[in-house]
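Down below is the structure, laid out as structure tokens.
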Amino acid sequence: MTADVWLLWGTVPPYERPASDVRAALAEAFAGTFGDRCRIVESADLRIGFRAGSPTLHDRSGESVEPPKVVHHRFPRIVTDQSILLHHLQLMGSELLNDAAASVLAENKFWQLQRLALAGLPFPDTASYVDADVRDVVDDPQLPEPCVVKEVRSANGRGVFLAPDLSGLKDMAGCLRADAPYLFQNYLATTRGRHLRVTVLDHTPIAAAVRTSAGTFKSNIAQGATQQRVLGRYPAAEDMAVRATEAVGLNCAGVDLLFVTDEDFVICEVNQQGGWVPKEFPEIGPAIATACAKRLAAQQPRHDASTGSETGVASR
């Protein structure tokens, strides 16, 4: 596993849509950029620990593993146990394209909204809760109607419903999971079946698409939506996406924005695992590899001609 750069892949649960196309695109881009200096590593193959107070890392066979200098991680959902691995790699000196703490924050949609609010960014009116019974929550007369109901950690359009009114919301309460909170978000009819996805990398929008559903209110690619490339068509929205990515603390994200009018937007969510269709956006994989290459180069010692010494971050 020894390599300067890792593509760290998390275990995909059975209910998740396989990301084989994204994985293949990233693998090709990283191989072209780094050659044998890069490895694809499965999180399930790693064991973490401490010995005499120092962090350790080894593989299934018990062989010690040298932590990489740079990591781009792709986990379908970052929960506490997976975040511990990311924090452990940072503790051992690895630089993550998306910081561990920011990745965990982005996984919780309400936590995101708290950061967006601090940054003064617009998003739909939203209600949620912490540990109440959802059957009690839906009796709250202050919930928006109609409202979009979504799990606080939903992905790819799963766990997302439209309640036309509070009566309909109460009817669906028995179908809602009790092991995680939900968001109840004001429904914008102006954005029904479409949204703008902006891919942001290192403070720059590198791709944008209007995604359109095939008749439903959800416009997720995983749910069968189509998309049209629109980078540069909505500059104000692209700037908002960059600001949202920065507010959450990420360097690489897919930001979804909702149409208020044909030119005005509010933020839906910031996806730290934002997916894409590589055959439609072939530039995204190489751009991510290049971002990792810049981080690797910044860690390499540089020769100072005036002193004859090496400067910069020394190799481990």
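The values are calculated or read from the model by the stated rules, or taken from the named source; none is laboratory data. No experiment lies behind these values; they were computed from the predicted model shown. A quick note on method: Cβ atoms are made from the backbone with ideal geometry, for glycine too, and the neighbour counts reach across all protein chains shown. In case anyone asks, the SASA skips ligands and DNA or RNA and just uses the protein heavy atoms, side chains included. Shrake-Rupley method; radii C 1.70, N 1.55, O 1.52, S 1.80 Å.
Tabulated values for the structure
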read-out	value
Convex hull projection area averaged over all views, the range 51-165, Cα basis, nm²	10.7 nm²
Cα-centre dipole for the range 227-288 with unit charges at Cβ (Lys and Arg positive, Asp and Glu negative), debye to 20	220 debye
Percent RCO, i.e. relative contact order, over the chain, from Cα pairs under 8 Å lying at least 6 residues apart	17 percent
Net charge dipole size for the range 146-305 [Lys, Arg +1 and Asp, Glu -1 on Cβ; Debye, nearest 20]	400 debye
Listed residues 115, 77, 197 arranged by accessible area, highest first, probe 1.4 Å	115, 77, 197
42, 66, 263, ranked by accessible area, largest first (probe 1.4 Å)	263, 66, 42
Per-residue ³J(HN,Hα) for the range 270-279, Karplus 6.51 cos²θ - 1.76 cosθ + 1.60, θ = phi - 60°, Hz, x for Gly and Pro	10, 9, 6, 10, x, x, 7, 9, x, 6
Top of 175, 38, 292 by mean-square fluctuation, Gaussian network on the chain, Cα under 10 Å	175
Ellipsoid semi-axes in whole angstrom, largest first, where each is sqrt(5λ) of the Cα gyration tensor of the chain	37, 23, 18
Carbon + sulfur, % of accessible area of the chain - ligands and nucleic acids excluded, 1.4 Å	52 percent
Summed side-chain charge close to residue 209 - residues other than residue 209 whose Cβ falls under 14 Å, Lys, Arg +1, Asp, Glu -1	+2
Cα-based equivalent ellipsoid, the range 154-310: semi-axes from gyration tensor eigenvalues, Å	38, 18, 14
Computed [θ] at 222 nm, deg cm²/dmol, the chain (DSSP H ≥ 4; -39,500 (n - 2.57); rounded to nearest 500)	-8000 deg cm²/dmol
Per residue solvent-accessible surface (Å²) - the chain, probe of 1.4 Å	47 Å²
